[in-house]
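Here's the structure, in structure tokens; my notes come after.
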Amino acid sequence: MTAERSPEAVDDRVEMLAGWLRSARSAVVFTGAGVSTESGIPDFRGPDGLWRRVNPANFTIRRYLEDPEVRRESWERFKTGGVYGQAEPNPAHYAIAELVRAGLVKWVITQNIDSLHHRAGTPPERIIELHGNLRFAKCLGCRRRFEKAEALALPADPSDGVPRCPDCGGLLKSGTVSFGEPLPADELARAEEAAQTSDLFIVVGSSLVVYPAAYLPLHALDAGARLVIINLGDTPLDHLAHLLIPAPAGEVLPKVAGLALEHRT
Ligand code: NAD
């Protein structure tokens with residue numbers, strides 16, 4: 001379908017999506033970095049994306065294991081929260097939280113690590129985080145999880161500034177998934193089930209090129225769901241979408257939520 005960018009076309013699509021949400025039995029919102037750009041966090045592949053400034057090769061698990069300086073920088077970002085530390089949820093996160101609390105959206109599956117869905121008030125049991133988060137650290141040896149405060153209280157190894165696991169001596173790393181690391185199996189299984197049982201699957205702010213996360217809209221389509229893509233840039237799945245809304249998520253979603261909730265019986 002062609003994605004008209006005129007304000008009237010966007011308003012019509014917003015209304016259509018609000019109607020679909022009201023009648024959906026199992027709607028899923030699937031978010032990527034684009035849902036958080038209006039909170040001041042750059043995405044990876046947009047026009048102001050991070051990949052224009054930093055080298056993605058430094059964010060692989062291999063580099064983390066091989067290079068003490070990569071580990072030192074990564075642990076410093078974990079300590080301070082880096083670019084994520086100062087960010088606040090934006091109207092898109094709040095609108096999604098409202099839709100979940102009202103029962104119109106069943107699951108929020110996110111590729112983001114910024115915890116902004118939690119902070120906007122989406123109930124944690126409704127959020128599936130595919131790429132981990134910065135609220136905890138993990139041991140790369142025995143996989144033990146450490147809450148952030150617990151991890152930061154451990155003595156740092158002088159070679160790289162990163163603590164070692166008190167149980168097995170393994171290397172710690174923030175609870176995010178680096179390139180080359182497997183996705184958390186339990187979260188991926190929950191996300192696949194949510195997609196396979198959804199009847200409305202709404203992508204928000206994702207270029208849909210990072211796999212296996214980008215398979216999820218395809219699982220939903222296979223299950224007979226309607227696919228909606230709210231994204232500023234093009235995605236490889238645009239031609240399969242039932243509705244494209246090429247406008248900022250922070251403008252679109254509050255309107256969608258307002259209409260969907262206003263007309264509820
Ligand atoms: P991406 O950078 O590949 O794509 C983001 C997409 O969002 C782009 O197509 C862009 O056009 C669109 N976009 C940007 N701002 C938008 C807005 N306001 N409204 C609507 N669309 C907007 O992001 P991705 O697909 O999520 O893949 C990147 C990977 O990087 C993910 O795995 C994610 O975990 C990670 N990441 C996370 C964060 C975060 O936690 N906030 C930030 C950067 C990257």
Among the residues of the stretch 87-109, is there at least one that is in contact with a helix residue (DSSP H, G or I) (Cβ under 9 Å, 6 or more places away or on another chain), away from the ligand (no atom under 16 Å from the Cβ) and farther than 29 Å from Leu200 by Cβ? no
Please go through (1) under 17 Å from Phe179 (Cβ atoms); (2) away from the ligand (no atom under 16 Å from the Cβ); (3) at pLDDT 95 or above for Ile61 and return the number of the only condition it doesn't satisfy. (2)
With criteria (1) farther than 21 Å from Leu208 by Cβ; (2) within 8 Å of the ligand (Cβ to nearest atom), Asp43 comes up short on (1)
Which count do you get for residues in the stretch 110-135 that are assigned to a strand (DSSP E or B), more than 25 Å from Arg25 (Cβ to Cβ) and within 10 Å of the ligand (Cβ to nearest atom)? 3
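Counting only residues that are among the hydrophobic types (A, V, I, L, M, F, W, C) and touching a residue at least 12 places away in the same chain (Cβ under 8 Å), give me the helices (runs of 4 or more DSSP H) lying completely in the stretch 18-90 with at least 2 of them. Walk me through how you get there before you give the answer.
Details: elements: 61-66, 68-80, 82-85.
Correct list: 61-66, 68-80.
The values are calculated or read from the model by the stated rules, or taken from the named source; none is laboratory data. Please read these numbers as outputs of a predicted model, since none were measured by experiment. Because the Cβ atoms are built from the backbone with ideal geometry, glycine has one as well, and the counts that use them run over all protein chains shown.
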